[in-house]
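Working notes, beginning with the structure itself.
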Amino acid sequence: MTPPTPALPTPTLHTDRLRLRPFTAADADHLFTLHSNTHVMRYWDSEPWTERARADRFIAMCGKVADEGTGARVAVDRAADGAFVGWCGLIGWDPGNRSASLGYCLDESMWGHGYATEAAHALLGWAFDTLDLNRVQAEADTRNAASGRVLEKNGFVREGTLREDCVVNGEVSDSWVYGLLRREWRP
């Protein structure tokens, strides 16, 4: 029997422009605004949120993921003024295979400033150093070229396409699969 994975403390990380930190209950309104925006969610394989309670459940799930030791999701704030930017996370941490999956979601007003690239870079540095990862994987809808650029700027290599792997807003969609190996990581 495999011993349980120990809890994984959610990090607080700082970049020149951002602060990545554990979620608090005070983030619920920002999360609801983010995930209820149909334009932000247009490439996600889940519907935009219609109930604010979803934000509370998301925050609770972030704590559960940390307690179970399977990953870390962090809120991202702009350092200059504390404005909520969005979130970034590593889930599915597999210590045996030294792998995890990266995801992120940013408020539409924060797009185009390099925040997603910067937040992902900070979390990847923590993951490779603290979790001793060998591989991080990510997926992006093939219509979401901006997300693909974020991953490629962080050194990810597009490894293939998952054909018709999900339904997004009632439309069958393909996803690109990206991988980043420790030996390719450039801190």
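In this structure, Arg183 qualifies as farther than 23 Å from Phe32 by Cα and either in contact with a Lys or Arg (Cβ under 6 Å, 6 or more places away or on another chain) or part of a helix (DSSP H, G or I) (or both).
The single condition among (1) surrounded by 14 or more Cβ atoms within 10 Å (Cβ to Cβ); (2) touching a residue at least 12 places away in the same chain (Cβ under 8 Å) that Ala25 does not satisfy is (1).
A search for C-beta distances below 6 Å between a residue of region 66-81 that is over 13 Å from Tyr104 (Cα atoms) and any residue that is among the charged types (D, E, K, R) and not in a strand (DSSP E or B), counting only pairs 6+ apart in sequence or on different chains, returns Ala79/Arg17. Would you confirm, using the coordinates I've provided, whether Ala66 is of a type in the set (Gly, Ala, Ser), within 15 Å of the chain's Cα centre (by Cα) and modelled with pLDDT under 95? Considered against the rule, which asks whether it is of a type in the set (Gly, Ala, Ser), within 15 Å of the chain's Cα centre (by Cα) and modelled with pLDDT under 95, Ala66 comes out as yes. Considering only region 160-171, I want to know if a residue exists there that is farther than 21 Å from Glu47 by Cβ and in contact with a helix residue (DSSP H, G or I) (Cβ under 6 Å, 6 or more places away or on another chain). So far as region 160-171 goes, no, none of its residues is farther than 21 Å from Glu47 by Cβ and in contact with a helix residue (DSSP H, G or I) (Cβ under 6 Å, 6 or more places away or on another chain).
Conditions tested, residue by residue: (1) within 15 Å of the chain's Cα centre (by Cα); (2) outside any helix (DSSP H, G or I); (3) modelled with pLDDT of 95 or more; (4) surrounded by fewer than 19 Cβ atoms within 10 Å (Cβ to Cβ).
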residue: Thr5; (1), (2), (3), (4): no, yes, no, yes
residue: Leu8; (1), (2), (3), (4): no, yes, no, no
residue: Leu20; (1), (2), (3), (4): yes, yes, yes, no
residue: Glu47; (1), (2), (3), (4): no, yes, no, yes
residue: Val74; (1), (2), (3), (4): yes, yes, yes, no
residue: Ile91; (1), (2), (3), (4): yes, yes, no, yes
residue: Gly96; (1), (2), (3), (4): no, yes, no, yes
residue: Ser109; (1), (2), (3), (4): no, no, yes, yes
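What do you reckon, is Gly155 in a loop (DSSP other than H, G, I, E, B), closer than 19 Å to Cys88 by Cα and either of a type in the set (Val, Ile, Thr) or in contact with a strand residue (DSSP E or B) (Cβ under 9 Å, 6 or more places away or on another chain) (or both)? The answer is yes for Gly155. Restricting attention to region 126-144, the residues that are under 26 Å from His14 (Cβ atoms), within 14 Å of the chain's Cα centre (by Cα) and touching a residue at least 60 places away in the same chain (Cβ under 8 Å) total 1. Scanning region 111-146 for residues that are outside any helix (DSSP H, G or I) and of a type in the set (Ser, Thr, Tyr) turns up just one, Thr142.
The values are calculated or read from the model by the stated rules, or taken from the named source; none is laboratory data. Predicted model only: the values in this text are computed from it and were never measured. Note that each Cβ is placed from the backbone with ideal geometry, even for glycine, and that neighbours are counted across all protein chains shown.
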